[in-house]
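Report on the structure given below.
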Amino acid sequence: MAETGIGSRSLRDIAEAAGTSHRMLLHHFGSRDELLVAVVEEVERRQHETLATAPDDPVAAARALWAQLQAPELRPHERLFFECYARATQGEEPFARLVPSVVDGWLAAVAKRAPDGVDAASIRLGLAVTRGLLLDLAATGDESGVDAAYERFLDLLAIAGLFGSERKD
């Protein structure tokens with residue numbers, strides 16, 4: 001699913017690619033869409049673990065998380081995330097249930113690690129910039145372009161005094 005997208009792939013197609021039966025997938029997940037949500041939730045859980053073990057320095061933590069999020073091996077999962085997230089924005093179930101965790105969950109997790117004085121709006125901006133650059137990367141594959149844009153974003157945070165003064169020249 002992550003490699004080829006959701007598209008119109010049937011549960012039978014997915015089961016065959018996974019080396020199991022569609023009945024087994026139905027037994028464990030209930031439907032094709034529930035399976036997709038479960039995959040996104042697992043990838044999100046792993047990304048939260050990365051954030052929890054990131055360095056204490058906020059700039060180093062942001063760079064470590066970015067390195068993990070934009071890694072080529074995660075790219076198929078990012079495409080799957082955006083495909084499911086788009087369906088969630090339309091209120092489509094079961095995808096709509098992703099919104100609290102993929103928005104509020106990330107805002108809360110980052111807020112716990114953010115330096116004093118970083119407000120909720122700045123944290124939301126960071127989430128939006130990161131997601132926007134990941135979507136750009138998924139669409140264009142321009143690794144150097146999105147990496148440069150992310151570094152510029154970190155520079156702007158440092159200039160604004162939100163993430164300390166460390167800058168990568």
Looking at segment 86-102 only, could you name the residues that are within 19 Å of Q47 (Cβ to Cβ) and open to solvent by less than 60 Å² (accessible area, probe 1.4 Å)? A86, A88, F95, L98, V99, S101, V102
Just wondering, is there one or more residues in segment 31-52 that are of a type in the set (V, I, T), open to solvent by 60 Å² or more (accessible area, probe 1.4 Å), within 26 Å of W106 (Cβ to Cβ) and modelled with pLDDT of 90 or more? no
Being in a loop (DSSP other than H, G, I, E, B) and either in contact with a strand residue (DSSP E or B) (Cβ under 9 Å, 6 or more places away or on another chain) or within 20 Å of A67 (Cβ to Cβ) (or both) is the filter; apply it to segment 116-149 and report the residue that is least open to solvent (accessible area, probe 1.4 Å). G141
Out of the residues in segment 27-60 that are of a type in the set (D, E) and outside any helix (DSSP H, G or I), which is nearest to A158 (Cα to Cα)? D57
Residues being touching a residue at least 24 places away in the same chain (Cβ under 8 Å), surrounded by fewer than 18 Cβ atoms within 10 Å (Cβ to Cβ) and not basic (K, R): count how many of those fall in segment 103-115. 4
Checked pairs for segment 59-75, first in contact (Cβ under 8 Å) with a residue 12 or more places away in the chain, second assigned to a loop (DSSP other than H, G, I, E, B) and buried (at least 17 other Cβ atoms within 10 Å of the Cβ), C-beta under 6 Å and 6 or more apart or across chains, list as V59/F163; A61/A54; A64/A54; L65/A54
Please work out if Y150 is aromatic (F, W, Y) and in contact with a Ser or Thr (Cβ under 9 Å, 6 or more places away or on another chain). yes
For segment 79-101, what are the residues that are without any contact (Cβ under 8 Å) to a residue 60 or more places away in the chain and assigned to a helix (DSSP H, G or I)? F81, F82, Y85, A86, R87, A88, T89, A96, V99, P100
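The values are calculated or read from the model by the stated rules, or taken from the named source; none is laboratory data. Since this is a predicted model, take the numbers as computed values, not measurements. Note: ideal-geometry Cβ built from the backbone for every residue, glycine included; neighbour counts use all protein chains shown. Note: accessible area is taken over every heavy atom of the protein model, side chains too, but ligands, DNA and RNA are not part of it. Shrake-Rupley method; radii C 1.70, N 1.55, O 1.52, S 1.80 Å.
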